[in-house]
Structure formats: C-alpha cells, structure tokens
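Since the structure comes first, as structure tokens, the remarks are kept for the end.
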Amino acid sequence: MTVTQTSGEVATREAYGKTLAALGGERQDIIVLDADLSGSTKTANFKKLYPDRFFNMGVSECNMIGTASGLASTGLTVFASSFSMFAVGKAFEQVRQEIALPVANVKICGTHAGITVGEDGASHQTLEDIAIMRVLPNMRVFVPADARETEQVIRAVAASPGPAYVRLSRMKTPQFLPDDYNFEIGKINTLRDGADITIAATGTTVMHALAAADALASKGISARILNVCSIKPLDTETLVKAARETGAIVTVEEHQRAGGMGSAVAEVVAEHAACPVRRLGMNDRFGESGSGGQLMDHFGLTAPAISGAALELLGHAS
Amino acid sequence: MTPDFQELAIVANELRGDVLRMLQLAGSGHPGGSLGMTDVFTTLWFGGHLKVDPQNPTWEDRDRFVLSNGHICPILYAILARQDYFPREELWTLRKLGSSLQGHPDFHFTKGVDCCTGSLGNGVSVALGMAMGARAQGKNFRVYAGTSDGESQEGQVWEMASAAAHHKVDNLTLLMDRNGIQIDGFTKDVMDQGDLGAKYKSFGWHVQEVDGHDMMAIHQALNEAKKASGKPQLIVCNTVLGKGVSFMENEPGWHGVTPDEEQLKKALDELGLD
C-alpha cells in the first residue's frame, strides 16, 4: 500500500466529532463532557444533536474528569474531551484517582496532541501523554492514524466498558487506510509486509512510515510497516514476530522518545526477542511554533528521517 | 418522620467507641475528623435520610454517599458495619494487609463505599457527576458528600461549586466539616478561608449553617436541603475536632495521630463504654 489520498484530508478530531454524533443517535447511554473547547474538539457536533446529553463543564478539566467518573458510576458511557494537554496533563491526578483506580467507564478523548497542533507552540504540544497514560493500571491507549481508523477506535471504545484514552490530532491528514481496514483493540495492523526491517509507527507518523518504506524499497530494502494504534494493550505477538523475522525495528511518533510507543515496543522486544531498536520522537525537548507539517519535518518524524534511521540501523552508509 | 434523638445519641456514642478502637489497633489513621463528624453522619445514616439497602449495596437507585475528605473513613467504616454491610469484627483489621478496610475508601475492597477517595478535591466532583447521572436518567436518588474546610483549599472544589450551580444540580448535598483545623494546624493560620458558607452562597448554592453536634438541627437542615429547588446545597457543620474525648477536642495534633492503649482506655471511659 502506498500513501494515497482517497477522499480528502480530514483531521482525526473531525472524524471523532462525526462518529460521536452518530453514536449519540444509536445509544441513549452516551454522555459527552467538554471543557470549553467543544468547537475545537468537535464534540459540538454531538451537542447540537443531543443537547440534553452534553454538558459544558467550563475551563475546569480536573472537575470535568471527576464529574465524568461520577456520571459513569451511574451506568452511563461517558466521553470527556479537551485538548490532550489539559485532559491528560492538567487533570492527571483526577484521571488516576477517579478514572483508572475505580475502572470508570470514561473515554478521555484528547485532541490537539503532539507537535502537529502547530502554531500554538510548546505550551499546547502534548508530548508526554502516551507515557503518562500507558503507565496507569486499567487505562488503555489508542492513537488512530486517519479518519477511518478514528471512527473504528471510537466505536470500539464505546462498546468496550472501562477507561480508555484516545489521542487525536488537530492537523488535517490524508485518509489512507483501505476500505477493508479493521481496527481491533490489542492488535497491531501490519500495513505492509517486509523482511529486512520493521518500522512501527502510530497516529500521524504512520503515513510517513509508509512513504519511508517506498524510499527504502527503491534501495532494495523491504520494510515491514506496523500501525501501532493500540499502544495499550500492546500486541506482543506481532511485535515479537517482527523482531524475529526482520531483526531490526525503527519506531516513530510525535511524542517524547522517553516512555512513548517506541518505549513500549522496546520493552516487549527486550524481554521477548531482543533486536536493535531505534526510537524516533522528540528527543527530551519541547516543541515550538510552526505549521504541523513543517514541525514534523523539522523534528525528523517524516519519511526522509525514518528511512535514514532505517538505513543507519541496517549499517548502510547515509 | 422524626428520629428518636436519644437513640441516635447512643448510636453516635458507640460509633465513636468503634472509631477509637479500630484506630488504636491500626496504629495510624485520623481520629479527629472522624469523631467530629460522627453526629452529622449518624443523623444522615440512622435518621432516615439516606436511602440505601445494605443487602443490595449496588442497588442502582440508592442514594449515594461520597466521603470526599476520605481520610476520616474510620467513621464511615464504623457506620457501614453497624448497618450490616459487613461484620463488625472487620473493623479491627483496618489498614492491615488483606483487610477489606483500606486506609482511604476504595469500593473494590469495601461494600457500601460508593467512591474511591483520599486525594482531596476529587470526591466532590465525582459526587456532582453522580447527581448529574441521576438527572440524566430521570432517577430520583440524591447524592450526599462529606467535605471539609481544609479540603476547600483545593481549587477543584471551586470548579465543582461553579459547575454544580451552573447546571442547577439540586439533588446534591454537601456536608462540610468546619472544625477550623487541618493537619498543619488551625486553618486560620495555615490558609485562612473566611466565610466558606458565604463563598458557596455567592457561587449560587443553598447554604445552611448548623451546630454539627446538634442532631435535631442537622436533621432539620437535611430536610430543608431536600426542599431546595434548582440549587445544590451546602450544610456547613460547625464541629469540634475529636468531639467526645476531652484530651482530643480541638487539638490539631489529633488530626492524624492514633491513641495508644492507655489513651484508648481513657477515651472509652469518658464515653462510658467498656
């Protein structure tokens, strides 16, 4: 599969808003909370159709998360949204104490994650959320790669009781996953088979990993591309198989290298099938303003940097 | 229905005894607030206000009780045991490995606990969500939450206060332990809070203030709170930390220190218990 734009560019937050609105019509038990960002997170789509089941909690993320837990305890399925920086960062302790610990049926959908939030700069570029959410017992972590996968993830978490964190993006990106694509909780999708090296990507970096595979193919290198949307639970079997069969793994994400998807992959590989792993991500630094696309290039998270890392790992001169 | 206040006083006295016994055996925990809120919670649980079914702890239409200042859970555990959620003997295992009674409330371990609390500020938000959940589903249950003056130093409490008033959540009643003491000393010295009732009132709440040891006044305030329409309610309960045990009363040192065997005996003597 190559990166082709099948039906225009759509941000995963837009697909989230659309799916949530559709779910609202299908299920009466779905309640949505937002913290004054419903226009940006796209929960406003739900609010417009089901105002009785939408509550704006104001600029008060900590209270929003606690309230979500209480609502869920009465038998409701609750989606709580804000920018990921605030839903996860500001309200971390409430997420830990009142969502993860009591195993509340709350889906925290954080938009504007990573550096692709762009111009807003470092204060809004969440680069730690995968790390801090995956370390919480009972919490599940998903990062969809395009609009199609977002719809499937949102439907999957709505149907599966318990806590979940879904990381969503502001930036419009191509819809590139095929019509027959099927997301499953706890499964890695192998988007392209390959024998020489594995590239594991998540969210906005998946399409760049595919482009990197094209570049590598032109040099006679066959790269296996894994879409790690389900970061927790993590598909150990597929990772171990990739480590054994390809012998080298590059990971890439718009997140700190420490603690993110790459770390999760490295943990599995180190314990079950040790092989060299090169993690691409933000190297212990904050982001800065710029367009999302520019920043992805600037911080080395697009195809040239990914293929370069793969070549280096395989011992090819750059 | 008017409760038998003489009977309630006997219950409260025996609950204080259980709180002291369990804390002495545990060797750590918080007696001050537990004893201070005993009369308020006894009126709520044994005065006919809280609609629960100990035989069916997860009954979906039950009233909820959230102890947001979770560290005073010894009094909650003593009440739950007396309500037959679990045998009284379990009280003597508080805070020990394998016990059903954790250092702070956790419903995974303890029947009758509705919310995991312990980190101040969080429980009141969960209580708000429970109350909103009742309304969203057309259910009639009420939510009561214990909170405190010290807890009100958490910013999240005021986020909750804004949201509860804005959304007109009138099936939520907070019972605030206003004993003027927190772990580092008197609240006026640590972080003076002024008139907490007036603050809540300015946020749009229905506010009452009572003597937290006058069970008839507490009973009447709980009844008044149920009548408030369109507003969440706060009952500021003026209490004495360590109430009932002379050497503990109003002494900040007894916020989070447990009695030894000799002190326990002395306290039980004062309460007229064995």
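The values are calculated or read from the model by the stated rules, or taken from the named source; none is laboratory data. None of the values given here were measured: they were computed from a predicted structure. FYI the Cβ positions are ideal-geometry reconstructions off the backbone, even for glycines, and counts take in every protein chain you see.
Taking every residue in the range A:54-67 that is farther than 15 Å from residue A:41 by Cβ and facing chain B (nearest Cβ under 7 Å) and pairing it with any residue that is of a type in the set (Lys, Arg) and surrounded by fewer than 24 Cβ atoms within 10 Å (Cβ to Cβ), at least 6 positions away or on another chain, the pairs with Cβ-Cβ distances below 9 Å are A:62/A:90. All of (1) part of a helix (DSSP H, G or I); (2) over 24 Å from residue A:99 (Cα atoms) hold for residue B:77 with one exception: (2). Among the residues of the range A:25-81, write down those that are within 25 Å of the chain's Cα centre (by Cα), polar (S, T, N, Q) and either under 20 Å from residue B:168 (Cβ atoms) or outside any strand (DSSP E or B) (or both). Residues satisfying the conditions are A:38, A:40, A:41, A:43, A:45, A:56, A:60, A:63, A:67, A:69.
Does residue A:202 qualify as being in contact with a Cys (Cβ under 8 Å, 6 or more places away or on another chain), touching a residue at least 40 places away in the same chain (Cβ under 8 Å), within 23 Å of residue A:273 (Cα to Cα) and among the polar types (S, T, N, Q)? For residue A:202, the condition - in contact with a Cys (Cβ under 8 Å, 6 or more places away or on another chain), touching a residue at least 40 places away in the same chain (Cβ under 8 Å), within 23 Å of residue A:273 (Cα to Cα) and among the polar types (S, T, N, Q) - is met.
Considering the range B:131-161, and only residues there that are polar (S, T, N, Q) and over 13 Å from residue B:176 (Cβ atoms), the residue that is farthest from the other protein chains (Cβ to nearest Cβ) turns out to be B:140. Within the range B:119-130, the set of residues being more than 7 Å from every other protein chain (Cβ to nearest Cβ) and either in a loop (DSSP other than H, G, I, E, B) or of a type outside the set (A, V, I, L, M) (or both) comprises B:120, B:121, B:123. Restricting B:131, B:145, B:136 to those that are aliphatic (A, V, I, L, M), at pLDDT 95 or above and surrounded by fewer than 24 Cβ atoms within 10 Å (Cβ to Cβ) reduces the list to B:136.
Criterion applied to A:195, A:158 was being in the same structural domain as residue A:255 (by TED's automatic domain parsing) and either surrounded by fewer than 24 Cβ atoms within 10 Å (Cβ to Cβ) or part of a loop (DSSP other than H, G, I, E, B) (or both), and the one residue passing it is A:195. State yes or no: is residue A:291 hydroxyl-bearing (Ser, Thr, Tyr), over 20 Å from the mean Cα position of the chain (by Cα) and surrounded by fewer than 16 Cβ atoms within 10 Å (Cβ to Cβ)? Against the criterion (hydroxyl-bearing (Ser, Thr, Tyr), over 20 Å from the mean Cα position of the chain (by Cα) and surrounded by fewer than 16 Cβ atoms within 10 Å (Cβ to Cβ)), residue A:291 does not qualify.
The residue that is farthest from the other protein chains (Cβ to nearest Cβ), among those in the range A:68-95 that are of a type in the set (A, V, I, L, M, F, W, C) and surrounded by fewer than 24 Cβ atoms within 10 Å (Cβ to Cβ), is A:85. Taken over the range B:36-59, residues that are in contact (Cβ under 8 Å) with a residue 60 or more places away in the chain and either more than 20 Å from residue B:6 (Cβ to Cβ) or in contact with a Pro (Cβ under 7 Å, 6 or more places away or on another chain) (or both) amount to 6. Of all residues in the range B:178-197, at least one satisfies being in contact (Cβ under 8 Å) with a residue 24 or more places away in the chain, crowded, with 21+ Cβ neighbours inside 10 Å, more than 17 Å from the chain's Cα centre (by Cα) and more than 13 Å from every other protein chain (Cβ to nearest Cβ). A count restricted to the range A:172-190 and to residues that are closer than 21 Å to residue A:263 by Cα and either in contact (Cβ under 8 Å) with a residue 60 or more places away in the chain or assigned to a loop (DSSP other than H, G, I, E, B) (or both) stands at 4.
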